[in-house]
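Colleague: This structure is in structure tokens; I'll ask about it shortly.
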Amino acid sequence: MSIRVLVADDQDIVRAGLCMILGAQPGITVVGEAADGRRAISLARSLRPDVCLLDIRMPEVDGIEATRQLAGADVADPLAVVVITTFDLDEYVYGALKAGARGFLLKDAGAELLAQAVHAAARGDALIAPNITARLLSSFANSRSRAVPPEPVEPLTAREEQVLRAAARGRTNSEIGVELSISLSTVKTHIAALMRKLNARNRVEIVMWAYETRRVGT
């Protein structure tokens, strides 16, 4: 079945371009457009698309707040959100991912990476632009201002720690399996265990926890 996508960007030409790129990808259908965050939230709640592609800087409601309202921790039935922006500022990346986004891309990412991010979000995975991932990792490694979250009540096993670190480095499930010489189903089992132990709703929250506890980049 085709992945149904909502596109929100306040610049008409950018929004049209994103819709054209996505509409040309096999297995992806654009079902709605919005020029501001408030309209994006309304459309997303009524259309229930598989993925919402949101710009950060939008009038009425910005992309981070729209993400929080559609995919935040207190949303009972969250939608998959990918944030796309011209600005790769650390506070934007961190804010979007903490708000519940499953992906973060720059607008110059290209059609292939954009399609990959949409597919990843639709299946519950995450895709963050590689250059952003590296910088964000470095930012967390060098920062001591953010509070370190507590360890889970049920400790992580040695293998779960390995899977966690690999996921935080941006590895896919298949790549983790090859790297650790374990099957794909075993990787998925470990990811599910990590989500349960860390009370994480998706893969991005696992990765964010790894950054925040400085398990990577130090």
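Colleague: Among the candidates 55, 74, single out the residue that is modelled with pLDDT under 95 and either aromatic (Phe, Trp, Tyr) or surrounded by fewer than 19 Cβ atoms within 10 Å (Cβ to Cβ) (or both).
Modeller: Of 55, 74, the one residue that is modelled with pLDDT under 95 and either aromatic (Phe, Trp, Tyr) or surrounded by fewer than 19 Cβ atoms within 10 Å (Cβ to Cβ) (or both) is 74.
Colleague: Of all residues in the stretch 1-42, which are open to solvent by 20 Å² or more (accessible area, probe 1.4 Å) and among the acidic types (Asp, Glu)?
Modeller: Of everything in the stretch 1-42, those that are open to solvent by 20 Å² or more (accessible area, probe 1.4 Å) and among the acidic types (Asp, Glu) turn out to be 10, 12, 33, 36.
Here is a yes/no grid of residues against (1) basic (Lys, Arg); (2) part of a loop (DSSP other than H, G, I, E, B); (3) not assigned by the TED database to the domain that holds residue 106:
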{"site": "10", "(1), (2), (3)": "no, yes, no"}
{"site": "16", "(1), (2), (3)": "no, no, no"}
{"site": "33", "(1), (2), (3)": "no, no, no"}
{"site": "40", "(1), (2), (3)": "no, no, no"}
{"site": "45", "(1), (2), (3)": "yes, no, no"}
{"site": "59", "(1), (2), (3)": "no, yes, no"}
{"site": "70", "(1), (2), (3)": "no, no, no"}
{"site": "81", "(1), (2), (3)": "no, no, no"}
{"site": "84", "(1), (2), (3)": "no, no, no"}
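Colleague: Restricting the search to the stretch 149-178, which residues are of a type in the set (Asp, Glu) and assigned to a loop (DSSP other than H, G, I, E, B)? Spell out how you get there, then give the answer.
Modeller: Going residue by residue through the stretch 149-178, those that are of a type in the set (Asp, Glu) are 151, 154, 160-161, 175.
If the condition is that a residue be of a type in the set (Asp, Glu) and assigned to a loop (DSSP other than H, G, I, E, B), then 151, 154 are the ones that fit.
Colleague: Next up: In the set 194, 198, which member is over 22 Å from residue 76 (Cβ atoms) and surrounded by 16 or more Cβ atoms within 10 Å (Cβ to Cβ)?
Modeller: Going through 194, 198 in turn, just one is over 22 Å from residue 76 (Cβ atoms) and surrounded by 16 or more Cβ atoms within 10 Å (Cβ to Cβ): 194.
Colleague: Any residue in the stretch 180-196 that is closer than 15 Å to residue 168 by Cα and in contact (Cβ under 8 Å) with a residue 40 or more places away in the chain sitting within a Cβ distance under 6 Å of a residue that is crowded, with 16+ Cβ neighbours inside 10 Å and of a type in the set (Gly, Ala, Ser)? List the pairs, counting only those 6 or more apart or interchain.
Modeller: Taking only residues 6 or more apart or on different chains, not a single pair turns up.
Colleague: Of everything in the stretch 1-32, what is within 10 Å of residue 53 (Cβ to Cβ) and of a type in the set (D, E, K, R)? Give them in sequence order.
Modeller: 9, 15
The values are calculated or read from the model by the stated rules, or taken from the named source; none is laboratory data. The shown structure was predicted, so the numbers you read here are calculated from the model rather than taken from an experiment. Cβ: placed from backbone, ideal geometry, glycine included. Neighbour counts: every protein chain shown. These accessible areas exclude ligands, DNA and RNA; they are computed on the full protein's heavy atoms, side chains included. Shrake-Rupley method; radii C 1.70, N 1.55, O 1.52, S 1.80 Å.
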